[in-house]
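K.L.:
The structure under discussion is supplied below as structure tokens; questions concerning it will follow.
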Amino acid sequence: MNATTTMRAAVLSAPQTIRVDDLPLPEPGPGQVRVKLEGCGVCASNLGPWSGPEWLQYPGEPGGMGHEGWGVIEAVGDGVTDLAVGDRVAALSYNSYASHDLADADKVLKLPQALAGQPFPGEPLGCAFNIFKRADIQAGQTVAILGIGFLGALLTRLATDAGARVIAISRRDYSLDVAREFGAAETIPMTDHTMIIERVKELTDGKFCERVIEAVGKQWPLDLAGELTAERGKLIVAGYHQDGPRQVNMWLWNWRGIDVINAHERDPQVYMDGIREAIDAVASGRLDPSPLYTHRFKLDELAQALDATRDRPMGFLKAIIEP
């Protein structure tokens, strides 16, 4: 086969082991497009499969785990009328750790000229807008955000632009610097449980926060989030809790009358709504995520990208894979 009829795709072949295969280039079916990928963001949800859980079967699907792709349409299937070869798009597809991926046409959005040359991992950008909508943040509120990675930084900007005062709480000094750059009014290192509670109590005159967004996905930040939520406040769980059951302080949640919102979507059209909002915000200049794309890797370096996403070295926020 020659280069015009093949593609490359990363395969999770064993726990913490990636190989890259050459495969026949797939043809889009009815209602599908084939996207020649420019890149794909690396999501922390990949870390569960990457760690090698007993329930996972190997090898995985070619390109599997990659769901943050963007690129240029290279072929269209029957019945596709509103997309054309050459359109630059963000795609909600699920095998994008590859040079190409197939996507349903209704899960693809065109990227305007204002975004030319810019990375655009649509799924996590849309996720931030959907979480923000579920959080119902209003001007004048105090919002605590626990965990300032890619998602936490975006939510810091969105909440600040909505007129809220953001208290950013994160483990790394670097992350707190990013939070300040994205509009946080106050920053607190995520070190000591009691110290954080007392500091937030002081900053809010004892009332705590009308909104608290937990964006870490671990037990302690979830415990802390409840402590920081005001009476009749909303605790928004944005962290991806994939490593087992959680315990919650139901007494505290009951006593304060906290609304607990799991801000995770499963309806693809809701994802698309969020991506649409993200496209408009970035293209108009209201939101600039470019400083958050801190590390770039080639497809053959996916293992290193996943390790970096897990270990979060100095200066790391989000990795992008480039075919």
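The values are calculated or read from the model by the stated rules, or taken from the named source; none is laboratory data. In this text the structure is predicted, and so the values were computed from the model without any measurement. Note that we place each Cβ from the backbone using ideal geometry, even for glycine, and neighbour counts take in every protein chain shown. The area values use the complete protein model at the heavy-atom level, side chains included, leaving out ligands, DNA and RNA. Shrake-Rupley method; radii C 1.70, N 1.55, O 1.52, S 1.80 Å.
K.L.:
Under 8 Å for C-alpha pairs, at least 6 residues apart: give me the relative contact order for the chain, rounded to a whole percent.
P.N.:
With pairs under 8 Å counted, the relative contact order is 18 percent.
K.L.:
I want the antiparallel fraction of DSSP beta bridges within the chain, as a percent rounded to 5.
P.N.:
Counting DSSP beta bridges with both partners in the chain, the antiparallel share is about 50 percent.
K.L.:
At a 1.4 Å probe, what is the % contribution of carbon and sulfur to the accessible area of the chain?
P.N.:
50 percent
K.L.:
Among I197, I213, what's the order by accessible area (1.4 angstrom probe), most exposed first? Let's see the in-between values first.
P.N.:
Details: I197 25, I213 0 Å².
Reading off the accessible areas and sorting them downward yields I197, I213.
K.L.:
Considering the dipole of the chain built from charges on the beta carbon (Lys and Arg +1, Asp and Glu -1) around the Cα centre, which of V35, V166, S99 is farthest to its positive end?
P.N.:
The residue sitting farthest along the positive end of the dipole is V166.
K.L.:
Taking the Cβ of D136 as the center, what net charge do the other residues with Cβ under 12 Å away carry, scoring Lys and Arg +1 and Asp and Glu -1?
P.N.:
Details: positive: K133, R134, R211, K234; negative: E210, D259.
Net of charged neighbours comes to +2.
K.L.:
Turning to a different aspect of this structure: Counting only complete DSSP H runs, which helices of the chain cover 15 Å or more along their long axis at the Cα atoms and score a mean Kyte-Doolittle of 0.5 or above?
P.N.:
Passing helices, by number: 150-161.
K.L.:
Hey, another quick one. For segment 1-149, go through all pairs of different Cα atoms, get the mean of 1/r, take its inverse, and jot down that Kirkwood value in Å.
P.N.:
One over the average 1/r among Cα pairs gives 16.9 Å for segment 1-149.
K.L.:
Over segment 172-323, what is the relative contact order in whole percent, taking alpha-carbon pairs under 8 Å and six or more residues apart?
P.N.:
Reported relative contact order: 14 percent.
K.L.:
Run the numbers on segment 162-235 and let me know its relative contact order in percent, using alpha-carbon pairs under 8 Å that are six or more apart.
P.N.:
23 percent
K.L.:
In debye to the nearest 20, how big a dipole does the chain give about its Cα centre with +1 on each Lys and Arg Cβ and -1 on each Asp and Glu Cβ?
P.N.:
580 debye
K.L.:
Compute the FRET efficiency between V260 and V85 as 1/(1 + (r/R0)^6), taking r as their Cβ-Cβ distance and R0 = 41 Å, and round to the nearest 0.05.
P.N.:
My answer for the efficiency is 0.35.
K.L.:
Excluding E231 itself, calculate the net charge of residues whose Cβ lies under 15 Å from the Cβ of E231, where each Lys or Arg counts +1 and each Asp or Glu counts -1.
P.N.:
Within the 15 Å Cβ shell, the charges total +2.
K.L.:
Express the C-alpha Rg of segment 220-263 as a ratio against the empirical globular expectation 2.2 N^0.38 Å, rounded to two decimals.
P.N.:
Compared with the compact-globule rule of thumb, segment 220-263 sits at 1.10.
K.L.:
For the chain, compute the number of Lys pairs whose alpha carbons are separated by less than 27 Å, excluding pairs fewer than 8 positions apart on the same chain.
P.N.:
Qualifying lysine pairs in the chain: 22.
K.L.:
For segment 157-247, state which trypsin sites (Lys or Arg not before Pro) are in a DSSP loop and have at most 13 other beta carbons lying within 10 Å of their beta carbon.
P.N.:
Passing sites in segment 157-247 are K207, R246.
K.L.:
Treat every Asp and Glu Cβ in segment 1-118 as -1 and every Lys and Arg Cβ as +1, leave all other atoms uncharged, and give the resulting dipole magnitude about the Cα centre to the nearest 20 debye.
P.N.:
Rounded to the nearest 20 debye, it is 260 debye.
K.L.:
Sticking with this structure for a sec: Between segment 108-177 and segment 200-266, what is the C-alpha centre distance in whole Å?
P.N.:
One Cα centre to the other: 18 Å.
K.L.:
For segment 204-323, report the convex hull volume of the alpha-carbon atoms normalised per residue, in Å³, without decimals.
P.N.:
174 Å³
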